[in-house]
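FYI, it's all coordinate maths here, none of it is from the lab. Everything numeric in this text was worked out from a predicted model, so none of it was measured. Every residue, glycine as well, gets a Cβ built from its backbone with ideal geometry; the counts of neighbours run over all protein chains shown.
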Amino acid sequence: MTVLSNWIGGSFMSAGNVEKLDVYCPLDGQVIAQVPLCHETHVDQAVQAARAAFPAWSALPIKERAQVFYAYRNLLMEHEEELADLVRQENGKTLDEARAEVKKSIEVTEFACALPQLAAGEVMEVSRGVECRTDHLPLGVVACITPFNFPNMVPNWTIPNALCLGNTMVLKPSELVPLSALRLADLLHQAGLPDGVFNVVHGGRAVVESICDHPGIDAVTFVGSTKVAKLVYARATSHLKRALALGGAKNHLIVLPDAHPEMTATNVAASMSGCAGQRCMAASAMVGVGDVEHIVDGVVQEARKVVPGMNLGAVISAEAKARIERYINEAEEQGAVIKLDGRNAHVPGFDGGYYVGPTVIDHVKPDMAVAREEIFGPVLSIIRADNVDEAIKIENANPYGNAAAVFTQSGGMADYVRERASAGMFGVNIGVPVPREPFSFGGWNESKFGVGDITGKSSIEFFTKLKKTTRKWNPEARTNWMS
């Protein structure tokens, strides 16, 4: 059994005699590795390595730092299939979904390669002989805590931008999917990243708390559940750190009677079932306005084409499978109609796998748990509304604000919903409205705590501090009040 090590100071470092956690492959339930549950001593080792590397790394011109990420991008492309297979083994995604995840990592790395142009600062002659300029300077050591659902992509939301901007990093991957993070560390090393600039520490709650508390860490990002996001944000900021914590979601797709039936059905079904519903951009609630029976029937037909073990991956654990099925049971007991039942899914040859089939639940009431809470599985709750204002009210009432969408062929109605939906990312006839680079990823309300977004141009503000300089060299210059 492979016992994983931390990555500190440019090499693998054993965590020593600490408790180990089995890492399971969700596809078949087999143990594929053991991960150490580290503690504050290991976090301190990583922080010390990162702080030691910071002066030399941050002193390099940003164009030189970017060269590492040109090389890293090429390595991601060269090893795309291997990285995708690693994601599949530790997360349970289909291979196509895992490939798409790696492709997104490549895209955000390409954005980082453009940072020399985007983070160049500004210069202006504000008065004769007087110049003002701004410079984006690195913060220092940043820590990033990432979830199980995208073991390759979410770490790369932060790694390329934060490091290219001159910071050094400690990454704490989910203990459920620790393998991809170590492979990324190795590829960064091959790309020429100096020792200590990037470090990986494994573990659970103890490591998260140590990251929030450590005086040598200047900023923290977190992606995970809202419950934990709140705790991380509160604890990190109580130690005067800059923090950005992305939480959960309950994304509502509002479907109007004039929506294109085929496009809507395929988009809604794909949104609710992609990545086994384990993504914060998944459609977990559809609000049908008026007579949309034909579209509901189409969604069910499309969802039937999603087959566990073929084009639907596993959920992350046996506990997750049981939790998802409890939500379905409860909805049925409360009077909702199960139009497609994914409980007790079985994939021949993978008897130990954690599978839940696509599930469509109709006539869900807004106060039911399946309508209010994040299920994180391939489950769609359909809520009925008499008109668009009632549908918007239902969407606005949910505490999250990650994403929302409307399906309609009316541009005016699309804008009407877009202006009133309480979500940071919005789609028109798109079930997963993820912005592409350079546009940033981030929600509102209880889906995000902190200022700014984690990717795109917005990340520049989070990962740097702005220095403003005013200079005057010419004492003979004509002056005015601005001088």
The pairs in LYS172/LYS227; LYS103/LYS457; LYS93/LYS230; LYS63/LYS465; LYS250/LYS321; LYS227/LYS365 lying past 21 Å Cα-Cα in this model are LYS93/LYS230; LYS227/LYS365
Label-point separation, ASN74 to GLU390 (7 Å along Cα→Cβ), nm: 6.0
Below 8 Å, C-alpha to C-alpha, sequence gap of six or more: please give me the relative contact order for the stretch 251-428 in percent. 29
What 222 nm value per residue comes from the helices of the chain, counting each DSSP H run with n ≥ 4 as -39,500 (n - 2.57) and dividing by all residues, nearest 500 deg cm²/dmol? -12000 deg cm²/dmol
Report, by chain and number, residues whose modeled amide H sits under 5 Å from the one on SER174, excluding near sequence neighbours (fewer than 5 apart, same chain). THR146
Checking the a/c ratio against 1.5 first, then a/b against b/c, what shape does the Cα gyration tensor give for the chain? oblate
In sequence order, what are the phi-derived ³J(HN,Hα) couplings for the stretch 50-67 according to the Karplus relation 6.51 cos²θ - 1.76 cosθ + 1.60 with θ = phi - 60°, rounded to whole Hz, with x for glycine and proline? 5, 5, 5, 7, 4, x, 6, 5, 5, 6, 5, x, 4, 5, 6, 4, 5, 4
For the stretch 410-462, listing trypsin sites (Lys or Arg not before Pro) in a DSSP loop whose Cβ sees at most 13 other Cβ atoms within 10 Å gives ARG436
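Shape verdict for the stretch 268-336, please, from the Cα gyration tensor: rounded (a/c under 1.5), prolate (a/b greater than b/c) or oblate. The partial results should precede the final answer.
Numbers: a/c = 1.93, a/b = 1.29, b/c = 1.50.
Oblate, because a/c is 1.5 or more while a/b does not exceed b/c.
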Considering only DSSP beta bridges where both residues belong to the stretch 251-428, give the percentage that are antiparallel (nearest 5). 10
Just want the ordering: MET368, MET425, from fewest to most Cβ atoms lying within 10 Å of their own Cβ. MET368, MET425
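Full-extension gain between ASP351 and LYS103, please, as 0.36 nm times their residue separation minus the C-alpha to C-alpha distance.
86.2 nm
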Share of antiparallel DSSP beta bridges in the chain, in percent to the nearest 5? 40
Here the longest stretch of the chain that holds no GluC sites (Glu not before Pro) in a DSSP loop having at most 10 other beta carbon atoms within 10 Å is 123-475
Sort out the exposed loop chymotrypsin sites (Phe, Trp or Tyr not before Pro) in the chain (DSSP loop, at most 16 other Cβ within 10 Å) and tell me the longest stretch that has none. 1-438
Calculate one ³J(HN,Hα) per residue across the stretch 299-305 by plugging θ = phi - 60° into the Karplus curve 6.51 cos²θ - 1.76 cosθ + 1.60, and present them in order as whole Hz with x for glycine and proline. 4, 5, 4, 5, 5, 5, 7
Set the Förster radius R0 to 51 Å, insert the Cβ-Cβ distance between ALA59 and ASP291 as r into 1/(1 + (r/R0)^6), and round the FRET efficiency to 0.05. 0.20
Cα long-axis angle, helix 153-164 against the chain (0 to 90 degrees, to the nearest 10): 10
Quick one: length gained pulling GLN67 to GLN334 fully straight, 0.36 nm per residue minus the C-alpha distance? 90.3 nm
³J(HN,Hα), Karplus 6.51/-1.76/1.60, whole Hz, each residue of the stretch 457-471, x for Gly, Pro: 4, 4, 5, 4, 5, 6, 8, 9, 10, 9, 9, 10, 10, 10, 10
Where labels lie 7 Å past Cα in the beta-carbon direction, separation of ASP135 and ALA369 in nm: 5.6
Say R0 is 41 Å: what FRET efficiency, to the nearest 0.05, do ARG128 and GLU81 get from their beta-carbon distance? 0.10
What is the angle, in °, between the Cα long axis of helix 388-397 and the longest principal axis of the Cα atoms in the chain? Nearest 10 is fine, range 0 to 90. 60
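So for the chain, averaging the separation of alpha carbon pairs under 8 Å that are six or more residues apart and normalising by length, what relative contact order in percent results?
18
In what sequence do CYS132, CYS212 fall when counting other Cβ within 10 Å, fewest first? Working shown, then result.
Working: CYS132 15, CYS212 23.
With the sparsest Cβ surroundings first, the list reads CYS132, CYS212.
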Can you work out the FRET efficiency for the pair LYS20 and GLN190, with r the C-beta to C-beta distance and R0 = 30 Å, to the nearest 0.05? 0.60
Might you report the magnitude of the Cβ-based charge dipole of the stretch 251-428 about its Cα centre, with Lys and Arg at +1 and Asp and Glu at -1, to the nearest 20 debye? 460
Helix axis angle, 95-113 relative to the chain longest principal axis, alpha carbon, degrees: 30
